[in-house]
Amino acid sequence: MKTIGSILILLLSTSLIAQNRQRPVSVELGKFFNEDGKRLLYGGQKENQHFNVSNLSLEEDQFHYGLGREAFPALLKPKFTSIQKADKHWDDSDRFLVAKSGDEVKAYSIQDLTRHEIVNDKLNGKPIMAAYCVLADLGAIYKRDYGDKVFTFGLSGYTYYDPDIWDGKDGFVFWDRETESLWWPLIGKAVSGKMKGAKLHIYDKTNWEDTTWKQIKLKYPSAKILISGQDFERPSSWPQYQDVSDVKDL
């Protein structure tokens, strides 16, 4: 049995390596470049959209794609509807992330999260983020507040893999609008920029779950359901935090 198990692990590992090799490698696409003494990563057509990755802690040749920072509509002001109105759109087996705090419950379908990947939101007045990566099948609810500072997250347009982490699966790379640091959720921390080394804070696991539409209707009849098909005009600029030394290690 051990021999069979070892063979299966080897086959899975070989398959993942092959998949990663098939994906476009960012370095080979010229997405990393030097300018004015800085190491930059392409972030969009405008010069002010590139990421300063001079202090990057990841390997450049393990980045994939390079679509740009606003390619995915990571929601900033999500809209919701009631279970009664949403019920006609969902089957009982459809998968959701559900977060709760006090009397407020919010539900985000995996189908919608596959499109948005990130939903910046508030739950009972507290800033949270619902996120899902289809490549790694990683879904979670995170906190967005660090001390007195609130961070707003988006998709960088890149994925990253490490053969020794998460079974070598490719996983999305976040960025935050307030410092333009990059974050890799598969290791749960920022990997470049002012917030490098800061941890992603997963919301209290007793207050969120990965569940189905059927269970939501049974357990949370007053839940607010994310409306499908939302989009928005991407911001051209965003207020920046100049000093994060007081919150980086929280």
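The values are calculated or read from the model by the stated rules, or taken from the named source; none is laboratory data. This is a predicted model, so every value here is computed, not measured. Every residue, glycine as well, gets a Cβ built from its backbone with ideal geometry; the counts of neighbours run over all protein chains shown.
Filter segment 140-169 down to the residues that are of a type outside the set (A, V, I, L, M, F, W, C) and closer than 16 Å to Leu75 by Cα and list them by number.
Tyr142, Lys143, Arg144, Thr152, Gly154, Ser156, Gly157
Is it the case that Lys248 is at pLDDT below 95 and over 30 Å from Pro24 (Cβ atoms)?
When the stated conditions are applied, Lys248 passes them.
Among (1) surrounded by fewer than 16 Cβ atoms within 10 Å (Cβ to Cβ); (2) under 20 Å from Arg69 (Cα atoms); (3) at pLDDT 95 or above, which single condition is Leu200 missing?
(1)
Would you mention how many residues in segment 193-230 are in contact with a strand residue (DSSP E or B) (Cβ under 8 Å, 6 or more places away or on another chain) and within 30 Å of Lys38 (Cα to Cα)?
The qualifying residues number 8.
Which of (1) in contact with a Gly (Cβ under 6 Å, 6 or more places away or on another chain); (2) on the phi > 0 side of the Ramachandran plot does Leu97 not meet, given it meets every other one?
Result: Leu97 fails condition (2) only.
Restrict the check to segment 40-58 and report whether at least one residue is in contact with a Leu (Cβ under 6 Å, 6 or more places away or on another chain), over 25 Å from Ala198 (Cβ atoms), touching a residue at least 12 places away in the same chain (Cβ under 8 Å) and surrounded by 14 or more Cβ atoms within 10 Å (Cβ to Cβ).
No, that holds for no residue.
Restricting the search to segment 143-168, which residues are within 23 Å of Lys31 (Cβ to Cβ) and without any contact (Cβ under 8 Å) to a residue 60 or more places away in the chain?
Ile165, Trp166
Please count how many residues of segment 169-193 are in a strand (DSSP E or B) and either at pLDDT below 95 or among the basic types (Lys, Arg) (or both).
The number of residues fulfilling the criteria is 1.
Working only within segment 171-209, note down all residues that are of a type in the set (A, V, I, L, M) and under 18 Å from Ser54 (Cβ atoms).
Passing the criteria: Val173, Leu182, Ala190, Val191, Met195, Ala198.
State the number of residues belonging to segment 217-250 that are out of contact with any Leu (no Cβ under 9 Å at 6 or more places or on another chain) and under 15 Å from Phe80 (Cα atoms).
9
Working only within segment 65-96, note down all residues that are surrounded by 20 or more Cβ atoms within 10 Å (Cβ to Cβ), in contact with a Ser or Thr (Cβ under 8 Å, 6 or more places away or on another chain) and within 23 Å of Tyr158 (Cβ to Cβ).
Residues satisfying the conditions are Tyr65, Gly66, Arg69.
Under 6 Å between Cβ atoms, which residue pairs at least 6 apart in sequence (or on different chains) link something in segment 222-237 that is modelled with pLDDT under 95 with a partner that is hydrophobic (A, V, I, L, M, F, W, C) and surrounded by fewer than 11 Cβ atoms within 10 Å (Cβ to Cβ)?
Taking only residues 6 or more apart or on different chains, not a single pair turns up.
Consider segment 121-168. How many of its residues are part of a loop (DSSP other than H, G, I, E, B), loosely packed, with under 15 Cβ neighbours inside 10 Å and in contact with a Leu (Cβ under 8 Å, 6 or more places away or on another chain)?
Qualifying residue count, segment 121-168: 3.
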